[in-house]
Amino acid sequence: MDEIHNNPMSPRSLERSGHITFIDENVLYVWGGYQVKMNITIFCVRQQRELTGDVPSDLTGFCGSFLNGTLYIFAGCDSSGYTNHMFTVDLRSECYVWIRITNTSGKTPSPRKNHSSWVHQDRIIYFGGYGCKTMREVQNGDSSNFTVEDMSWVTRVNLCWGWNNEVYIFDTLTSTWILPQTKGLAPVPRSCHAAAILENKGYISGGVVIDGNLYFSLIFMFRVNSGCSVPMGRTMHSMIATLDGTLFVYGGSGTYTSDLASVADDAWQYNLHTKEWTQMDHQHKDKPRYCYIRKCQQNHLLFVHPWGKQRKRR
């Protein structure tokens, strides 16, 4: 991955935030993000590939997942509003051709952005996000699954906006949406949270909930020991799981006080065996960042194109 520093494209052309990145066969791919058009940049071979077909519109808050050589893009927000569209592109083919998946079975999730996803076997699991539902959907659904923020437009467009804690599964082999039954204490509806998967368990932390409050001290899928030091509340951070049973958390936009927002530069690790947080020392405390991308490759963390300024969170 050393060649990433010698990429012939100008640094300005690569600047972005809110994008996705993943590694396949020692090639680092980057797609989408703010300030650039939706494209895929391949760093190792030093080229930008042309995309054809049903190319997704410029999106923010989308969810990207890479599975068996195919990139899946779901939902997000474009110039027309919130979407719940699914796009795929085969990155191991000679030509990159986008396909919009329309012939699906099951109930498609409502339009949303800033949700999260895990990949497990041949399925993609989606959680949470901020988006819109019709009044009928809200009235007929479980009130604990959707927290309404804005009702002012309901009488005009029959829509209301808010956060959800829904779990949806997309079976990539059959193009089927599945709404599974879940048990236990569910996280409160949220968006802009971080997610990681380790073996067959998915973990989430942080995020934004109603009134813009930030949550972080709870990680779901297990019980947190409240007696130990925990990170401050934050959002737009990253979380990645390592094979030794550790969750690594870095950066984000947080609150040191109830009315002062700032970009975090601290790093934490959570031990899944001892259920304890430990703050980590590092050499980059002068580089706070949020809304960035991180990947783990051969026991090294790679951070790509962060932002260091504040943005409104939903």
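Would you mind checking 183/275; 107/275; 107/201 for any pair whose Cα atoms are more than 26 angstrom apart? Show your work: numbers first, answer last.
Values: 183/275 21 Å; 107/275 36 Å; 107/201 24 Å.
Exceeds cut-off: 107/275.
Rounded to the nearest 10 Å², what accessible area does residue 34 show when all protein chains are kept and the probe is 1.4 Å?
Residue 34 has an accessible surface of roughly 60 Å² with all protein chains in place.
Report the local net charge at residue 74: Lys and Arg +1, Asp and Glu -1, summed over other residues whose C-beta lies under 15 Å from its C-beta. List each step's numbers first, then the result.
On the way: positive: 100, 107, 112, 113, 123; negative: 54, 78, 166, 171.
Surrounding charge for residue 74 is +1.
The values are calculated or read from the model by the stated rules, or taken from the named source; none is laboratory data. A quick note: this is a predicted structure, and the numbers were derived from the prediction, not measured. Because the Cβ atoms are built from the backbone with ideal geometry, glycine has one as well, and the counts that use them run over all protein chains shown. Note: areas computed on protein heavy atoms with side chains; ligands, DNA, RNA excluded. Shrake-Rupley method; radii C 1.70, N 1.55, O 1.52, S 1.80 Å.
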